[in-house]
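Take a look at the structure set out below.
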Amino acid sequence: MENILHDLLLSPAWHFTAARGVTLILIVMTIAGYSVLLERKASAWIQGRIGPNRTMHPLIGWIPFLGTFLQKGGFIQPAADGGKFLFKEDALPGHVRKAYYVLAPIVALAPALAVLVMLPFGEFFHEGKRYAVSLTQGADVGVLLMFAVSSLGVYGIALAGWSANSKFPFLGAVRGAAQLISYELAMGLSVLTVFLATSAPGVDQGLSLVAMVDAQKGAWNLLTQPVAALVFLICVFAETNRHPFDMPESETDLVGGFHTEYGAFKFGIFFVAEYSHMVIGSSLFILMFLGGWHVLPWLPTVGEGWVASLLGVASFFLKLCFFLFFFVWVRWTIPRFRYDQVMRIGWRVLLPVAVLNLLAYFAWYAFRG
Amino acid sequence: MAIKVVERRPLTLAERTYLPQILAGLKVTWDNMVRPPVTLQYPDERPAIPQNYRGVPTLVMDPNGREKCVSCQLCEFVCPPKAIRITPGEMSEDSANAHVEKAPKEFEINMLRCIYCGLCQEVCPEEAIWLQSQYSMTGLSREAMVNNKAKLYELGGTLPDNHHKWDKKKEEAERQAGGHH
């Protein structure tokens, strides 16, 4: 078991690299698909409905209990949706700027996938050395690169809105770009306090996410730095364009927002990109504030065997599932902010709060010595 | 008229952060989520139809299986969208229902015209036409949407009444006929 894990995660041989790449794509597509299912199911429950419960594959449907369970749970629905996106006519409207129009979904999805490659979501031990469960080893460049790359996703939105050559997508793109840039600042500032807490003087890996998780073996950062966690959480919602910061889409006033002119699989790619960003945002929050792969505060996963590793990964994914659900839960709870409210919250509330929080921690560490 | 000035209290700091309200809202949506769904899964589950529902108009029989309609054509005349067409007819002497009232030879209700107003039921002196609980009429052609006599009786069924008017009428008619002979 250990050797298989080791080879899968660490081997530089090309077929293992390819396997990791394929795994990533499969995982991302699956998570995105089932996030859509979760979104539809959870919104149905919140609204007193049942949600998708009809889709079934004839080859699975006859299995007595499993078939019924899969059908009632809507578990085949993502496959049906994906198939629909894949086989629909891929229309290219006549009035768009074609090259950029085709490029935009790729630009939106690529940074998300690139960040997911770097994400550590567990740890395992091999021959006494510790490795992070991640798709790229040795790319422990820290959270800065992840922030940098994931914020490139805004170019996808801006490009889509501009190249669609139509006013609603353009408005959505402008709003989205302004919002993402505004909340990036507060997000970065709120993370600085976590850096302060993690990197004691003389420690060499202050920006590494693994080090941040290690620092939360006792109290999670959520408990020690609630203000930073709150600011970061709000910024994650804004960065992923989820309600109540749904500026780029704004279904009610901007038709479909930046992807109004998109259809078929290009629209599907925007969808996957949005859910990938949700996964990234939640993962970053989990890694920095919710103890990463530690099961509970003051109860880190113990031991060096692969059982402990699996337990850690499982606990990470449980937290991730909760966060994906939390996004949906919040969506059906709060209405969307107006554009001016979004700007006011970003610049006049979150940014000062983050700065003050940072100064307070500076002072705390300075006087404590 | 006295003017009452409503005092608008400025929002407190907690309210201006939105956070307590958001938490309260999350609780509201959570409570809604754990509540059982109200969805009726229509083709599988059917709604309970109240007794006084005005569904598809039907013709009914009496407990002895005789048709109650006497083809007086009042419903045909009263029908606002002219959905009903009755071909009146006599009953043959050898019929089991001979010596009672007349009966329609053909009775058609065009469900593409019917507006479910219930005037036919209201006007019927024999309580022979009833708007019952069927609410879903579908057909693949215009002809299929015209209910003929057989279909109307199939939909209508029997009206449980203990009056047995037809029996008395038949007995009376046969007694009188016997008296002549």
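What follows is calculated from the coordinates using simple rules that are stated; it is not laboratory data. Here the structure is a predicted model, which means the values were calculated and not measured. Cβ placement follows ideal geometry from the backbone for every residue including glycine, while neighbour counts extend to all protein chains displayed.
Here are a few things to note about the model shown:
- If only the Cβ of Lys and Arg carry +1 and only the Cβ of Asp and Glu carry -1, the dipole of the range A:15-148 around its Cα centre is close to 380 debye.
- Here's the list of lysines a cross-link from B:Lys170 could span, going by alpha-carbon distance under 19 Å and ignoring same-chain residues fewer than 8 apart: B:Lys68, B:Lys102.
- The range A:15-83 versus the range A:199-277: alpha-carbon centroid distance in Å: 23 Å
- For the range B:58-161: span of alpha carbons on each principal axis (Å, largest first): 38, 26, 25
- Ascending count of other beta-carbon atoms within 10 Å, so fewest first, for B:Tyr42, B:Tyr53: B:Tyr42, B:Tyr53
- Projecting the Cα atoms of A:Phe325, A:Pro335, A:Leu310 onto the charge dipole of the range A:271-369, computed from C-beta unit charges around the Cα centre, puts A:Pro335 farthest toward the positive end.
- Taking A:Gly153, A:Gly122, A:Gly263 in turn, the Gaussian network model of chain A (Cα-Cα springs below 10 Å) assigns the largest fluctuation to A:Gly263.
- Footprinting exposure proxy for A:Trp45, A:Trp293, A:Trp162, A:Trp364 (fewest neighbouring C-beta atoms within 10 Å first): A:Trp364, A:Trp162, A:Trp45, A:Trp293
- Highest GNM mean-square fluctuation among A:Leu223, A:Leu159, A:Leu290, for chain A modelled with Cα contacts below 10 Å: A:Leu223.
- Mean Kyte hydropathy of 0.0 or more with a Cα span along the axis of at least 24 Å, helices from DSSP in chain A: A:14-46, A:98-118, A:167-198, A:264-289, A:306-331, A:351-368
- When chain A is reduced to its Cα atoms, the Kirkwood hydrodynamic radius in Å: 21.9 Å
- Gaussian network model of chain A, Cα within-10 Å springs - most flexible of A:Gly161, A:Gly74, A:Gly291: A:Gly74
- Restricting attention to chain A, lysine pairs at least eight places apart or on different chains and with alpha-carbon atoms under 18 angstrom apart total 6.
- Dividing the summed helix terms, -39500 (n - 2.57) for each DSSP H run of n ≥ 4, by the number of residues in the protein assembly as shown produces a 222 nm estimate of -17000 deg cm²/dmol to the nearest 500.
- Convex hull volume of the Cα atoms of chain B, normalised per residue: 280 Å³.
- Rounded to the nearest 20 debye, the dipole size of the range A:91-368 about its Cα centre is 460 debye, using +1 on the Cβ of Lys and Arg and -1 on the Cβ of Asp and Glu.
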